[in-house]
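Any read-out appearing in this document is the output of simple, stated calculations on the displayed coordinates, not a laboratory observation. Here the structure is a predicted model, which is why all the values come from computation and not from measurement. Cβ sites come from the backbone with ideal geometry, for glycine too, and all protein chains shown count toward neighbours.
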Amino acid sequence: MHYDVIVLGLGGMGSATAYQVARRGRRVLGLEQFGAAHDRGSSHGRTRVIRQSYYEDPAYVPLLLRAYELWREIEAETGADLLREVGGLMLGTETSDVVRGSLRSARTHGLEHELLDAEAIRRRFPALRPGTDTVALYERKAGFLRPEDSVRAHLARAASLGAELRFQEAVLGWEPKGSGVKVTTAKGTYAADRLVVSPGPWAPAVLADLRLPLVVERQVLYWFDPVGGVAPFSPDHFPIFLWEIEGGLVPYGFPATDGARGGVKVAYYRTPEERPCTPETIDRTVGAEETEHLRSTLRGRIPALDSSCLQATTCLYTTTPDKAFVLAVHPTCPQVSVACGFSGHGFKFCSVVGEIMADLALAGGTRHDIGLFRPDRLRPRGDSAR
């Protein structure tokens, strides 16, 4: 069978792309080497932060505003509960990147926000113990997404619109075939007019011809059992937070979303020491010293989380040198589009990245400004992909 579009990889980005192509009435095939909403890559962990006052760069904000609209659309179409706005605190000193960058984005785009000093933070969120030099930008629209449920919702809706989705089917390779593309898997060969490659942490191997300087990093997510119970951390009383501390470390966390014994999820935005790996070589065990490092970081800031760890699991970041994404038509194969390098902050964009990738596949361009994500920015001058 010949398809309009094949989507390689059905994690957060690929599932949203398959849905967006299918909703436009096109014949789409989705291929995934594991099961739906698996935990081997970068689209798991029960909760993911979503926020609009984006400290990384104001250029992301228009995409975020569209992402919110699209998250609400897929919720309405499926009845799934995916995005909860519980508010968000971006904490640090006045000169920290998290606070300064968040304020810049909020002011550039006229986003609703408040600035809080340490006393106001403690009064409104008693679980937190900021030092006197700590301030925060509070954003009411921030909150969290349910990643596994988000992937399932996009896949279910894509299937209901006619998408063919194949799981447990590893892709062995792809190649141009005339103006289209041929994809070979462990189970067969498929042809399509267009291919979208969204390979997550398998990008360095799958997109080796682009010679992108991608680094796959091991990260760890933790759930602590708060002293005194989860009530002060309930979504009605506790926001998501990002807290830049000395040395540039950014621990972040969530309200308690999974009941009395579900704990409070916290992690480092990036671990103190980079742990490069591949999806095949990652160490998925979590050592006691890693857990204690985060616990000691939280001890004076969120005292109730100086407690036992209920669970810890690993996650993979696929990181570019500038931490910006790669979203583009392949430079030498215009029938192929790529989405990779989401650098640990991409999941909140899944809904809009799906729209962008469907645009690129079906029209060769998009109304969204994706100039920040051109792959050629990452290559030395004079170097180009084959």
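Below are the figures for this structure:
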read-out: Prolate/oblate/rounded call for the chain, Cα gyration tensor, a/c under 1.5 rounded; value: prolate
read-out: Scaled radius of gyration (Cα, divided by 2.2 N^0.38 Å) that segment 194-321 gives; value: 1.21
read-out: Eligible lysines near LYS177 by straight Cα distance, threshold 27 Å, same-chain separation 8 or greater; value: LYS187
read-out: 3J(HN,Hα) from dihedral phi, segment 223-230, Karplus parametrisation 6.51/-1.76/1.60, rounded to Hz, x for glycine, proline; value: 10, 9, 8, x, 4, x, x, 8
read-out: Normalised contact order of segment 1-87, rounded percent, pairs of Cα under 8 Å and 6 or more residues apart; value: 19
read-out: 3J(HN,Hα) from dihedral phi, segment 70-77, Karplus parametrisation 6.51/-1.76/1.60, rounded to Hz, x for glycine, proline; value: 6, 4, 5, 5, 5, 4, 5, 6
read-out: Selected from LEU111, TYR138, PHE224, residue furthest toward positive end of dipole (the chain; charges at beta carbon); value: LEU111
read-out: Among VAL171, VAL99, VAL215: highest mean-square fluctuation, GNM of the chain, C-alpha pairs under 10 Å; value: VAL171
read-out: Potential lengthening between ARG104 and LYS187 on full extension [0.36 nm per residue; Cα-Cα distance subtracted]; value: 24.8 nm
read-out: Ellipticity estimate at 222 nm from DSSP helix runs (n ≥ 4, -39,500 (n - 2.57)) divided over the chain, nearest 500; value: -7500 deg cm²/dmol
read-out: Value of Rg/Rh across segment 238-386 [Cα atoms, Kirkwood radius]; value: 1.05
read-out: Phi-based couplings in Hz for segment 169-184 (Karplus 6.51, -1.76, 1.60; Gly and Pro marked x); value: 9, 6, 7, 8, x, 9, 7, x, 9, x, 8, x, 8, 10, 10, 10
read-out: Segment 187-285: relative contact order in percent, alpha carbon pairs under 8 Å with at least 6 residues between; value: 31
read-out: Potential lengthening between SER296 and SER234 on full extension [0.36 nm per residue; Cα-Cα distance subtracted]; value: 20.1 nm
read-out: Nitroxide proxy distance, nm - points 7 Å out along Cα→Cβ at LEU310 and THR332; value: 5.1
read-out: Amide H contacts under 5 Å for VAL216, placed H, 5+ residues apart; value: CYS277, THR319
read-out: In degrees, nearest ten, helix 350-363 long axis to first principal axis of the chain (Cα); value: 20
read-out: For the chain: relative contact order, % (alpha-carbon pairs under 8 angstrom, 6 or more apart); value: 23
read-out: Cα gyration tensor, segment 113-163 - rounded (a/c under 1.5), prolate or oblate; value: prolate
read-out: Nonlocal amide H pairs with LYS141, under 5 Å, H built at 1.01 Å; value: none
read-out: Simple Cβ-charge dipole of the chain, Lys/Arg +1 and Asp/Glu -1, about Cα centre, in debye nearest 20; value: 680
